[in-house]
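Here's the structure we're looking at; comments come further down.
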Amino acid sequence: MSANSGAPLVKVCDLRKRFGQNEVLRGVDLDVTRGEVVSVIGASGSGKTTMLRCVNLLETYDSGSIMVDGVEVGYSGEGPARRRRGERELARIRADIGMVFQLFNLFPHLTARENVMLGLRKVRRLGYREARDIADRWLARVGLADKRDSLPYELSGGQQQRVGIARAVAMNPKVLLLDEITSALDPELVGEVLNVVRELAADGMTMLLVTHEMSFARDVSARVVFMDAGRVAVQGTPREVFGGQPHERLRSFLARIEMRH
Amino acid sequence: MMVMVKALPFLWQGLLVTLQISAIVVAIALVLGVLFGTALTYAPRWVAWPVRAYSDIARGLPLITLIFFVYYAMPALKVNVSGWWAAVSALAAFETAHVSEVTRGALQSIHPGQTEAGRAIGLSFEQRMLYVIFPQALRRFLPPWINTVVDTVKGSALVSLVGIVDLMLAVQQVIGRTFQPLPLYVLGAAIYFVINYTLSQLSRRLEARFAYVRE
C-alpha cells in the first residue's frame, strides 16, 4: 500500500501522442482507482490500444502524464529537467505493471511453467523453488495445473492466453493491463479466458482493459470508457454508457457492434 | 593414384594451417558478428550506421581484394603485420560482416511481441537478449551461420596467394615437384569437400536438435 491510497492508482492526464502527422491521442484523461476494473471501448483507430500501451511505456508519449501509484512512468524530473526514463528505470516500473497481449506473446521456447517463472526468477530474483511454487499456484488458478510442462504450441489459444494471464499476475502487479485479450481467440475459447479475468476482478485486482466484448465490459467493469478520435468521449458506469446514450458517436459505434453479433 | 597417396604427408601440414586459420577466423567472426548484428538490429542510429557501412563495404568487395588490401596497405601505414595476420584479419573482416547479417536476420525474424512480452515483465535489454531473443534466434541463426563457416574454409584457400602454405599452396607445391596437376587438384578438392560436407551434415543435425518450436 502506498501512502496516498485514496488517490487513483493510475492517473492519466492530458495524454498526447502522435505518429508522424497522425495525432492518435489528443489529450486523454482517465483515472483508475485501486481495485477498480475499467474497460475501454471504441472503434479501431480511436487510440484505445495506444493509450493502454503508453501506461507501461510500450509506446512513448509526447506530452501529458501517466502516474502509476504516484510515479510518473514515462518521464522523470520536472520542468526543464524533465526527461524520458531510460531502459533500466522503465524495467523497474514495468515489473509492477502486468500486461496481457492480444496475441498472447508467450515465450515459445519455454514451458508454461517456465513462462511464468522467468520474471519471478530474473526480475524478482526469487529462488528456483519459490518461483516454481508461485508459478504452479497461478497455473492451477487459471486451470492449467496439468499443462505446466507443455510448450505453448501444444496449447490451445485459450490455454495460451491463460498462461499469459498467469505470467502477468504472478509478478504481483499493482495494475493489470489487458489488450483485447480475446480478439485472437476462436469464439468457443473466449469464455474460459474471460472467466479467469472475472475471478481476478472478484479478488480485487486493479485492471484496465481494452475490449470488443461489450457484454463482458458490461458485467465485469465498474466503469466503461468510450474513446473516440484520441479522446475519452464518454465514461460512466456500464449502465450509463450502454443504456440509451445521447452521444452520437457512441450510439453509432454500439449499433455497429450490435450488427456484427 | 600412387601420386595422391604419396602427396598426402606433404599436404598434412597445409591442411593443419587451413584448419587453424579457419578456426581462428570463425571464432573472431562469431564473436564480432553476433555483436555487430545485435547492434544493427537494436542499437541507436549513430552506432548502427558505422556497422552498416562496414558490413556493406566488407561484403561488397571480393575477398581477394580485401586480403591484398590488408597485406599491402598495412605496411604502407607503418603497421607491421605478418602475412599470416594480414590474411587472418582480412578473412575475419569478411566473415564478420556476413555473420553480422546472419545475426541481424535471425534477430529480426523474432516477432516483436517477444520483446514486448519481455519488457512487460520487467526484463532488461540484456535479460531479454539472453533469455528470450537469442534462444529463439539460435535456430534461425545456425543454418546460415554454418554456411559462413563453409565459406571461411573455402575462402581460406586464398591465403595461399600471400604466401601462406595452407592446403591449397601445399597442393601447388607438390604439383610443382611432380608435374601432375590433375590428380593433385582432385585430391585437394576432395579434402575441402570432406571438411565442408561434414560441416553441412553437422548443420542438419543441429537444425533438428533446435527445432523445438513447431510452425
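The values are calculated or read from the model by the stated rules, or taken from the named source; none is laboratory data. Treat the numbers as computed from the prediction; the structure is a model and nothing was measured. All Cβ positions, glycine included, derive from the backbone under ideal geometry; neighbour counts span all protein chains shown.
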Given the conditions (1) within 24 Å of B:Asn196 (Cα to Cα); (2) buried (at least 17 other Cβ atoms within 10 Å of the Cβ), and given that B:Tyr71 satisfies all but one, which numbered condition is not satisfied?
(1)
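Please pick out the residue among A:Thr206, A:Thr182, A:Thr211 that is touching a Phe, Trp or Tyr at 6+ places or on another chain (Cβ under 9 Å) and among the hydroxyl-bearing types (Ser, Thr, Tyr).
Details: A:Thr206 fails: touching a Phe, Trp or Tyr at 6+ places or on another chain (Cβ under 9 Å); A:Thr211 fails: touching a Phe, Trp or Tyr at 6+ places or on another chain (Cβ under 9 Å).
Matching residue, one of A:Thr206, A:Thr182, A:Thr211: A:Thr182.
Consider B:Ser100 carefully, then state whether it is away from every other protein chain (no Cβ under 14 Å), at pLDDT 90 or above and either surrounded by 23 or more Cβ atoms within 10 Å (Cβ to Cβ) or out of contact with any Pro (no Cβ under 9 Å at 6 or more places or on another chain) (or both).
Numbers: away from every other protein chain (no Cβ under 14 Å): yes; at pLDDT 90 or above: yes; either surrounded by 23 or more Cβ atoms within 10 Å (Cβ to Cβ) or out of contact with any Pro (no Cβ under 9 Å at 6 or more places or on another chain) (or both): yes.
It is true that B:Ser100 is away from every other protein chain (no Cβ under 14 Å), at pLDDT 90 or above and either surrounded by 23 or more Cβ atoms within 10 Å (Cβ to Cβ) or out of contact with any Pro (no Cβ under 9 Å at 6 or more places or on another chain) (or both).
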Has the stretch A:73-95 got at least one residue that is buried (at least 20 other Cβ atoms within 10 Å of the Cβ) and more than 10 Å from chain B (Cβ to nearest Cβ)?
yes
Looking at B:Ala157 and the list (1) in a helix (DSSP H, G or I); (2) of a type in the set (A, V, I, L, M); (3) within 12 Å of another protein chain (Cβ to nearest Cβ), which single condition is not satisfied?
(3)
Identify, by number, the condition in (1) closer than 30 Å to A:Glu87 by Cα; (2) out of contact with any His (no Cβ under 8 Å at 6 or more places or on another chain); (3) crowded, with 20+ Cβ neighbours inside 10 Å that B:Gln136 doesn't meet.
(2)
Only one of (1) more than 27 Å from B:Ile110 (Cβ to Cβ); (2) surrounded by fewer than 15 Cβ atoms within 10 Å (Cβ to Cβ) fails for B:Gly14. Which number is that?
(2)
Of the numbered conditions (1) over 11 Å from the mean Cα position of the chain (by Cα); (2) modelled with pLDDT of 95 or more; (3) of a type in the set (A, V, I, L, M, F, W, C); (4) surrounded by 15 or more Cβ atoms within 10 Å (Cβ to Cβ), B:Ala53 fails exactly one; give the number of that condition.
(4)
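So for the stretch B:110-118 (the condition being touching a helix residue (DSSP H, G or I) at 6+ places or on another chain (Cβ under 8 Å), in a helix (DSSP H, G or I), within 14 Å of chain A (Cβ to nearest Cβ) and of a type in the set (Val, Ile, Thr)), does at least one residue qualify?
Our first condition is that a residue be touching a helix residue (DSSP H, G or I) at 6+ places or on another chain (Cβ under 8 Å); within the stretch B:110-118, this holds for B:110, B:114-115, B:117-118.
So of that shortlist, the ones also in a helix (DSSP H, G or I) come out as B:114-115, B:117-118.
Then keep just the ones that are within 14 Å of chain A (Cβ to nearest Cβ); that gives B:114-115, B:117-118.
After this cut, where a residue has to be of a type in the set (Val, Ile, Thr) as well, the list is B:115.
Checking the stretch B:110-118: at least one residue is touching a helix residue (DSSP H, G or I) at 6+ places or on another chain (Cβ under 8 Å), in a helix (DSSP H, G or I), within 14 Å of chain A (Cβ to nearest Cβ) and of a type in the set (Val, Ile, Thr).
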When the stretch A:44-63 is checked residue by residue, the ones that are surrounded by fewer than 20 Cβ atoms within 10 Å (Cβ to Cβ), touching a helix residue (DSSP H, G or I) at 6+ places or on another chain (Cβ under 9 Å) and charged (D, E, K, R) are A:Glu59
Under 22 Å from B:Ile133 (Cα atoms), in a loop (DSSP other than H, G, I, E, B) and away from chain B (no Cβ under 12 Å): does that describe A:Ser150?
yes
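For the stretch A:153-167, which positions are over 22 Å from the mean Cα position of the chain (by Cα) and outside any loop (DSSP other than H, G, I, E, B)?
Initially, the stretch A:153-167 is screened for residues over 22 Å from the mean Cα position of the chain (by Cα), giving A:153-155.
Passing the criteria: A:Tyr153, A:Glu154.
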Taking the stretch A:110-133 and keeping only residues that are hydrophobic (A, V, I, L, M, F, W, C) and either over 24 Å from the mean Cα position of the chain (by Cα) or within 13 Å of chain B (Cβ to nearest Cβ) (or both), one is left with A:Leu110, A:Val116, A:Met117, A:Leu118, A:Leu120, A:Val123, A:Leu126, A:Ala131
For residues in the stretch A:187-242 being in a helix (DSSP H, G or I) and of a type in the set (Asp, Glu), which is surrounded by the most Cβ atoms within 10 Å (Cβ to Cβ)?
A:Glu192
From the list B:Phe210, B:Phe141, which one is modelled with pLDDT of 90 or more, of a type outside the set (Gly, Ala, Ser) and surrounded by 15 or more Cβ atoms within 10 Å (Cβ to Cβ)?
B:Phe141
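Conditions (1) among the β-branched types (Val, Ile, Thr); (2) within 12 Å of chain B (Cβ to nearest Cβ); (3) surrounded by 19 or more Cβ atoms within 10 Å (Cβ to Cβ), marked per residue:
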| position | (1), (2), (3) |
| --- | --- |
| A:Arg141 | no, no, no |
| A:Gln161 | no, no, yes |
| A:Arg167 | no, yes, yes |
| A:Asn172 | no, yes, no |
| A:Asp179 | no, yes, yes |
| A:Thr182 | yes, no, yes |
